[in-house]
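Since the structure comes first, as structure tokens, the remarks are kept for the end.
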Amino acid sequence: MSVTHDPYEEAKKQLRQTIDLLGLGDEVYEALAYPERLIRVRLLVKMDDGTTKTFIGWRSEHNSALGPYKGGVRYHPQTNEHEVIALSMWMTWKNALAGLPYGGGKGGIRVDPKKLSPGELERLSRAYFAAIADVVGVDQDIPAPDVYTNPQTMAWYFDEYSRIKRGQYFGVVTGKPLELGGLQTRVISTGYGTAVAAREAAKKVFGGVEGRTVAVQGFGNAGYYAAKFLSEMGAIVVAVSDSKGGIYNSKGLNIEEVKKVKDETGSVINYSNIERKITNEELLELDVDILVPAAIENVITEENADRIKAKVIAEAANGPTTPEAEKVLTSKGIVVVPDILANAGGVIVSHIEWVNNRMGGWIREEEAKARLEEKMVNNFHAVWDYWQKKLDTSKYNMRAAAYAIAVERVYRAMKLRGWI
Ligand code: GLU
């Protein structure tokens, strides 16, 4: 029987568990269970054939106790209001855990961007940003790329906003192209950060990442760079996949060659130097040391958790593991480096980009990369130590520790501001 998961319900369950763990009570739970503001917009886009198409988009601003809302915008045919709210809540925790001066926000448009021409995509992106222009801003809410959005999307957002507000507001979005105030490091940041987190976990669990086998689900921006850097760190990436399916080679895949094939043909499945093709479901259950889910949410559920064989899971995607699945993984002793820790590299470098924009362009790429690495390592160890020292590790996973640190920080900021 297949179970459908509502990410918002999952996010609220995780919040409830953390509130209980910290002994904070209903007052705090209620104050954090809902976004501060939720905007839904109806967008009209002139299509290339002359017809007009209607799209629905959202921006969920979950919490601003620690600073302006921050988080990406996704374009996906299944995006819905609850998903966007859940993702905005996760951004609040992610930003708090990373020690950034940001609250959490997230946006989305229900669209299959692969079906739009570049012109249609530009008109849709401009319409969306114009519709939310009054709630975003350098010190209000700072969007960035997420699933199926990229630096070009951010360039359109930046331009549309600057046109409407009659200025040059580079800091209104991050993840911009280099020519418009972006950083090269932002491109690799999520995947590189996940690779660093997985490496640190591997040191704890196996004594090192060298020679360890890895499977990566998803070969987009996060998955590709996670695979690339893990293999550069000496791990053996034996399987990768994308929405069309996966590939397996027990001797390891040449990630750069796979990337070339993906760019040329649209999918990793056309890469020929493999032992066999696999499905996305099979990939998750492979007998590997490290599993990196880097696609979408709710892929590890109570249905397959029992069959997961990896010892370490580093979550590059947001919300890939359901709370029910998490219980199974914890009882099996599998170390889950949770999304809000493992994939924070993106927003950590977004923060560097935003600071840099406000200083008029000052930071060097090497500095940005070094800061990212340092922050990922420190954050990993802070969560690991909290988990090992303050929690019963047979009952709680690393996620509980990460959430406890994050929720406590947001709670303290809310208290200091006099909100509760
Ligand atoms: N969309 C990314 C995330 O989920 C990055 C957000 C940002 O850079 O603001 O963390």
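Taking region 298-308 only, how many residues are among the acidic types (Asp, Glu) and either part of a helix (DSSP H, G or I) or buried (at least 22 other Cβ atoms within 10 Å of the Cβ) (or both)?
1
Six or more apart or on different chains, Cβ under 6 Å: which pairs go from a residue in region 252-281 that's surrounded by 14 or more Cβ atoms within 10 Å (Cβ to Cβ) to one that's of a type in the set (S, T, N, Q) and in a loop (DSSP other than H, G, I, E, B)? Could you list them?
274/249
Grab the helices (runs of 4 or more DSSP H) fully contained in region 309-370, keeping just those with 2 or more residues being away from the ligand (no atom under 16 Å from the Cβ).
323-331
Do you know which of the residues in region 182-218 that are in contact with an Asp or Glu (Cβ under 7 Å, 6 or more places away or on another chain) and either among the small types (Gly, Ala, Ser) or assigned to a helix (DSSP H, G or I) (or both) is nearest to the ligand (Cβ to nearest atom)?
It comes out as 186.
Which one is surrounded by the fewest Cβ atoms within 10 Å (Cβ to Cβ), of the residues in region 52-78 that are away from the ligand (no atom under 14 Å from the Cβ) and under 8 Å from residue 108 (Cβ atoms)?
57
Is it the case that some residue within region 79-91 is under 16 Å from the mean Cα position of the chain (by Cα), farther than 20 Å from residue 295 by Cα and within 13 Å of the ligand (Cβ to nearest atom)?
No - not one qualifying residue is present in region 79-91.
Checking residue 20 against (1) without any contact (Cβ under 8 Å) to a residue 60 or more places away in the chain; (2) in a helix (DSSP H, G or I); (3) touching a strand residue (DSSP E or B) at 6+ places or on another chain (Cβ under 8 Å), only one condition comes out false. Which one?
Going through the list (1) without any contact (Cβ under 8 Å) to a residue 60 or more places away in the chain; (2) in a helix (DSSP H, G or I); (3) touching a strand residue (DSSP E or B) at 6+ places or on another chain (Cβ under 8 Å), residue 20 breaks only (3).
What number of residues in region 96-125 are closer than 20 Å to residue 58 by Cα and either in contact with a strand residue (DSSP E or B) (Cβ under 9 Å, 6 or more places away or on another chain) or within 11 Å of the ligand (Cβ to nearest atom) (or both)?
Of the residues in region 96-125, 18 are closer than 20 Å to residue 58 by Cα and either in contact with a strand residue (DSSP E or B) (Cβ under 9 Å, 6 or more places away or on another chain) or within 11 Å of the ligand (Cβ to nearest atom) (or both).
Computed from the coordinates by the stated procedures, all read-outs in this text should not be read as laboratory data. Here the structure is a predicted model, which means the values were calculated and not measured. Note that each Cβ is placed from the backbone with ideal geometry, even for glycine, and that neighbours are counted across all protein chains shown.
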